[in-house]
Each structure stands twice: as C-alpha cells, then as structure tokens.
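Here the structure is laid out as structure tokens; the discussion comes afterwards.
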Amino acid sequence: MSQYIEWDALGNIVLWGLIVGAGLPTLFALGVRAVEGPGARDEEGHIPTFRKILGGLCFGIAALAVVGAIAYIAAGGH
Amino acid sequence: MEPVTESLLLVVVVATALAFDFTNGFHDTGNAMATSIATRALKPKQAVLLSASLNLVGAFLSLTVAATIATGIVDADVVTLGVVLAGLAGGIIWNLVTWLLGLPSSSSHALIGGVVGAVLAAAGSQGVLWDGLISKVLIPALIAPIVAIAVASVGTRLVTRFTQDVEQDDNDRLFRWGQIGSASLVSLAHGTNDAQKSMGIILLALIAAGAVPEDSGVPFWVILSCALAMALGTYLGGWRVIRTLGKGLVELESRQGMAAETSSAAVILLSSHFGYSLSTTHVATGSILGSGVGMKGASVRWSVAGRMFLAWLITVPCAGLVGAAAYGLGAVVGGGVGSFVVFGALIAVSGAIWYLSKREPVGHHNVNDEWKPKADNESILAESVVDHNMKLMRVSKKGKRRKVEGMR
C-alpha cells in the first residue's frame, strides 16, 4: 500500500490544511466575537475601540490570506 | 489522410475539447458556490455570475500549460487524436450523466477515465500505467474527502464554539463576507487549474496536426475560447449538482459555509503545492460533509454521501467504457469519417440527456427548495408503523396523488 501513497505530501497537506484551513475560520470567528460577542457593546450600543482593533486585526489577517492566495495562484505556484 | 479531412478532424477535436471545458465549468459551479447559495449569502444568479467571472479571470491568471494528457497514467506514445477525441467523449458523457443524477463527480477523473478507456481499446492493457492510475487517481479519490472532512470539521467545531453566544443575525451578517471571499478563491483556483487542462488538450491536438510548431506556446484564441467556454458553463450552473451539495448533504448556515469553503480553498491549494493533486470536487464535497460533522446537532445525510462516493469509485471505469466505445465506433467506421461519426453520436447522446433533464428541471428558482428524498411507499409504511404515526401514511397518499397528477 505504501508505494501507492505519498505519505510525506499527505502529512504536509493535513498539517497545513488544519493550520490554514481550520485556523483562518477560527481567527475570523474570534474577530466576530470581538465586535459582536456578549458584552461587546456598551449600553448605548457602541463597540469599544480595543474590541474594534482586535476584530479589525482578525479580519485583516484573513483578508491578507485571501490576497496572498490570489498572488500564489497568479504566480503559478499551484 | 486528405488535408481537408485532417483539418476538419482538428476542428472536431477542438470543438469537443471546448465542449468538455464547458461541462467542466457547468459541473463544478457547485464546488465553489453551493454553500453560498444554500445559506443565501448570495442570490443564486449573483453566485453563478461571480463564479463565472472569477473562472474567466482565473483562466488568464496563470499560463503554465503543458501539452500533456493523463501524464504518468497512460503511455504517451499511444495517445493519438482519435484517442483524445474518444477520451473527451467519455469525459463529457459521464459529466452529463452525473449532472442528470445531481451527483458531484470529478471532471478530471472523468477525462482520465475516458482517455484510459480509449487507450485500452486502442493499444490494450499495456498502454495503461496501472500503478500510476492507482496512485494518482483512485487512491486520492478516497483520501481527498477524508482530509477535507477532517479540516472542515475541526474548523466548524472551533468556529461554532467561539461564536455560540453571538446573535445569529450578527453571525450571518459577518460570516457572509467570509463565505463570499473563500468561495471566490475556490472559483479562481478552479478557473486556473481546469481551464489549463483543456488548453493543454487543444495545444496537443494542434501540435499533433502540425498546425503549430512543437515548442509552441498556447495561441491566444485557445486561451480566450477555453476561458469563455468554462465561464459560460459556470454561469449556466449545474443547478442539480449545486442543489445536492448545498441542500442534500447537510443543512448549512453561514458559519459552516465559511468553514467549508476555507477548508476547500486551503486543501486544494496546498495539495497542488505539495505535488499531490486532489480533485476539487472531492475536496469541496468532503469539506461540506465536514462542516456537518463538526456542527453540534447537525445531521449529515450519509445516504446521499454514500451515493456520491460510489459515483467517484465508478467514474473512471464508466467514463472508460464510454471512451472505449467511442474509440471502437471511430475505428469500425474508420478514418476521418469515423471521427465525425463519434462527434455526431456525442451530440446525439448529449441531446438525449438534456431532454431527460427537462422532465424534472432544477434551476435557480428551485435550487434551495427543501430536500425531500423520494421515498417509496414501502419505506413510508414501515416508518409510520415504527413511529405509530398514521399521519405519515396520509403524506404518502398525498404524494401518490401528486405523482399521478404529475404524470398526466
């Protein structure tokens, strides 16, 4: 069986797949929690600045990852 | 062969390659857009338009086209224009049959299957590199969904855990954007990857016919026509496949859709980066299943998934049978005329499948309707007995009446 499966490549795909493919949505979820989670808004409905920054950071990294992926596709790395 | 016949043959092969490209886009719209359509992050028409545009852009984005077909899977020396034509016919017909049944199946596997069948018919079993077929096609078809299910289920579990006490409206509003972004990536990667396959086939045919020199790059009209054929296919949308992926497997909400598409994009790009190509369709389907596995309280319709896995296992042999039959037909009639007969038969069969699809049309208007499996009377009876619920029986009568009306 082993000569039919490239275990090294497969291991890398699973490892990086979990880091990127599961990590980015989690980061995005943390961003959502930062700006809309319980206690995110004060009585007047405003979101405190530090929560906005935290959320922006999470969304920003996710957006950067998308841009990076497009650059990667365009560079023919796939 | 007469020069006129030869150039006509070339035209037939190019037209068939573009037709395959079209079915490829048509069949694979769902991989990127089914989740966004099912969660209503995008309206069905918006989704296919976005996906088609990105496929178009993707086709121009990277042009590392190689004039090869099924490298390492069949003996390159036996691949003639006749084999390519028969292989394309096998791929197209299998794509259309699975579309009719609403089953997502890999377009590249269908093409490889068609070519393998044609090679078997042309050169016998020594023309096929069986080890390559097993290690590059059959085993990855089993591995891809497992990897994708793992990644998407972990992602979904973490996402839902961190957002469980966020208002559902806020979740939907914000995750919608994540969903659109990740689905767009899948579309773009698809356009780049799959349009190149058709470009490669056409380039191969042009070189074989001596229309361009052997070291030629891809002519611009080839890039343009492949990009347009795929974008058109994507825009018309294989609504049957979209419906199965979006509604048939798991009831999706935006958080799951986002986790599933990100997992798809990541696994697809990583697998090509590490040189272990996994099919977009298998990965996308696995990711959607995974988003159901990782969601507490969500049910996954494993019976639908089981039908899909079965379809993936028989994709290569079935497309191979069609490819072999097409090659046989061409060889029996013989010469240039044989190729035209194959082309004619392909059009006739495609037309028949399209006609069959009109019986129960699926389009943007009903793609999101509730998923109701067609249950036969016996199973409804069994269910009503087990649950002591005679209401179920009444549903069955109603269904019967509706069926009778439908038949008139």
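Using θ = phi - 60° and the Karplus curve 6.51 cos²θ - 1.76 cosθ + 1.60, what whole-Hz ³J(HN,Hα) does each residue of the range B:214-219 get, with Gly and Pro shown as x?
For the range B:214-219, the Karplus-derived couplings read 5, 9, 5, x, 7, x Hz, x marking Gly and Pro.
Report, in order of residue number, the helices in chain B meeting two criteria: a C-alpha extent of 18 Å or more along the helix axis, and a mean Kyte-Doolittle hydropathy of at least 1.0; treat each whole DSSP H run as one helix. Could the numbers behind the result be given before it?
Working: long enough: B:3-38 (52 Å, 0.93); B:44-61 (25 Å, 1.17); B:81-100 (28 Å, 1.83); B:107-123 (24 Å, 1.63); B:139-162 (35 Å, 1.64); B:168-208 (58 Å, 0.11); B:220-236 (24 Å, 1.91); B:254-273 (28 Å, 0.28); B:280-293 (19 Å, 0.74); B:302-333 (45 Å, 1.49); B:335-357 (34 Å, 1.64); B:391-407 (24 Å, -1.30).
Correct list, ordered by number: B:44-61, B:81-100, B:107-123, B:139-162, B:220-236, B:302-333, B:335-357.
For the range A:2-74, rounded, prolate or oblate, judged on the Cα gyration tensor with a ≥ b ≥ c (square roots of eigenvalues), a/c < 1.5 rounded, else prolate if a/b > b/c? Mind dumping the intermediate values first?
Values: a/c = 5.93, a/b = 2.55, b/c = 2.33.
Prolate shape, in that a/c is at least 1.5 and a/b is the bigger ratio.
Under 20 °C and 1.002 mPa s, how fast does the protein assembly as shown diffuse according to Stokes-Einstein, given a Kirkwood radius computed over C-alpha pairs? Answer in µm²/s, whole number. Working shown, then result.
Details: Rh = 23.5 Å.
This corresponds to a translational diffusion coefficient of 91 µm²/s.
Short version: ³J(HN,Hα) in whole Hz for each residue of the range A:13-21, in order, from phi by Karplus 6.51 cos²θ - 1.76 cosθ + 1.60 (θ = phi - 60°), x for Gly and Pro, what are they?
4, 5, 4, 5, x, 5, 5, 8, x
Give me the distance in nm between label points sitting 7 Å out from Cα along the Cα-to-Cβ direction at residue B:101 and residue B:364, one decimal.
2.9 nm
Assuming 1.002 mPa s and 20 °C, estimate D for the range B:37-138 with Stokes-Einstein, Rh taken as the Kirkwood radius over Cα pairs, in µm²/s. Can you show the working numbers first?
Details: Rh = 15.7 Å.
The diffusion coefficient I find is 137 µm²/s.
Checking an interface number: how much accessible area is buried between B and A, summed over both chains, with a 1.4 Å probe, in Å² rounded to 100?
Working: alone 19090 and 6190 Å², together 21820 Å².
Counting protein atoms only, the buried area is about 3500 Å².
Going by amide H atoms built from the backbone, whose H comes under 5 Å of the H on residue B:74, apart from near neighbours?
Close amide H contacts, sequence-distant or interchain: B:129.
If I build a Gaussian network model for chain B, linking alpha-carbon pairs within less than 10 angstrom, which residue out of B:357, B:263, B:184 has the largest mean-square fluctuation?
B:357
Compute the relative contact order of chain B as a whole-number percentage, counting only Cα pairs closer than 8 Å that sit 6 or more residues apart in sequence.
Numbers: 684 pairs, mean separation 130.9, N = 408.
Normalised by residue count, the contact order of chain B is 32 percent.
Considering only B:116, B:83, B:333, give the residue with the highest GNM mean-square fluctuation for chain B, with springs between Cα atoms whenever their separation is below 10 Å.
B:333
Of B:300, B:144, B:195, which is farthest towards the positive pole of chain B's charge dipole, taken about the Cα centre with +1 and -1 on the beta-carbons of Lys, Arg and Asp, Glu respectively?
The one lying farthest along the dipole's positive direction is B:300.
For chain B, report the % of Cα-Cα distances exceeding 43 Å.
On the way: 11745 of 83028 pairs.
Value for chain B (Cα pairs over 43 Å): 14 percent.
Quick check on the protein assembly as shown: helices-only [θ] at 222 nm, where DSSP H runs of length 4 and up contribute -39,500 (n - 2.57) each and the sum goes over total residues. Nearest 500, please.
Numbers: 18 runs with 349 residues, N = 486.
Roughly -24500 deg cm²/dmol at 222 nm, from the helical runs in the protein assembly as shown.
Relative contact order (percent) for the range B:84-203, with alpha-carbon contacts under 8 angstrom and 6 or more residues of separation?
Working: 47 pairs, mean separation 24.0, N = 120.
Relative contact order of the range B:84-203: 20 percent.
Given the pairs B:247/B:372; B:43/B:358; B:136/B:197, which are separated by over 18 angstrom at their Cα positions? Mind showing how you got there, number by number?
Values: B:247/B:372 10 Å; B:43/B:358 23 Å; B:136/B:197 16 Å.
In this structure, B:43/B:358 lie more than 18 Å apart at Cα.
State the answer as a single residue: which of B:108, B:351, B:128 lies farthest towards the positive end of the charge dipole of the protein assembly as shown, with beta carbon charges of +1 for Lys and Arg and -1 for Asp and Glu, about the Cα centre.
The one lying farthest along the dipole's positive direction is B:351.
Pick from B:201, B:314, B:93: which residue has the top mean-square fluctuation in a GNM of chain B where Cα pairs under 10 Å get a spring?
Fluctuation is largest for B:314.
I'd like the FRET efficiency for residue B:354 and residue B:331, computed as 1/(1 + (r/R0)^6) with the beta carbon distance as r and R0 of 41 Å, rounded to 0.05. Present the calculation step by step, with values, prior to reporting the outcome.
Details: r = 27 Å, r/R0 = 0.67.
After rounding to 0.05, the efficiency reads 0.90.
Roll a 1.4 angstrom probe over the protein heavy atoms and tell me the percent of accessible area of the range B:29-159 that is carbon or sulfur.
Working: 2830 of 4180 Å².
After summing per-atom areas, the C and S share lands at 68 percent.
Remind me, what semi-axes does the range B:268-328 give for its equivalent ellipsoid, largest first in whole Å, using sqrt of 5 times each Cα gyration tensor eigenvalue?
On the way: eigenvalues 167, 71, 6 Å².
Ellipsoid semi-axes (Å, largest first): 29, 19, 6.
Sketch the reach of a paramagnetic label on residue B:6 as a point 7 Å from Cα along Cα-to-Cβ, and name the residues of the range B:330-358 whose backbone nitrogen lies under 20 Å away.
Answer for the range B:330-358: B:331, B:334-341.
Using just the alpha carbons, could you tell me how many Å³ per residue the convex hull of the range B:142-247 encloses?
165 Å³
What's the angle, to the nearest 10 degrees (0 to 90), between helix A:49-74's Cα axis and the longest principal axis of chain A?
30 degrees
Could you state the accessible area per residue of the range A:2-74 in Å², with a 1.4 Å probe and every protein chain left in place? Display every interim value, and only then the final one.
Numbers: 4070 Å² over 73 residues.
About 56 Å² of surface per residue is accessible.
May I ask you to work out the translational diffusion coefficient for the range B:163-224 at 4 °C, viscosity 1.567 mPa s, via Stokes-Einstein with Rh from the Kirkwood sum over Cα pairs, reported in whole µm²/s? Walk me through the numbers before you get to the answer.
Numbers: Rh = 14.9 Å.
The calculation lands on 87 µm²/s.
Where the centroid of each part is defined by its Cα atoms, how far is the range B:96-114 from the range A:37-71 in Å?
Cα centroid of the range B:96-114 versus Cα centroid of the range A:37-71: 41 Å apart.
The values are calculated or read from the model by the stated rules, or taken from the named source; none is laboratory data. This one's a predicted model, so the numbers in the text were calculated from it and none came from an experiment. Backbone-built Cβ (ideal geometry, glycine too); neighbour counts: all protein chains shown. Calculation scope for accessible area: heavy atoms of the full protein, side chains included, ligands and nucleic acids excluded. Shrake-Rupley method; radii C 1.70, N 1.55, O 1.52, S 1.80 Å.
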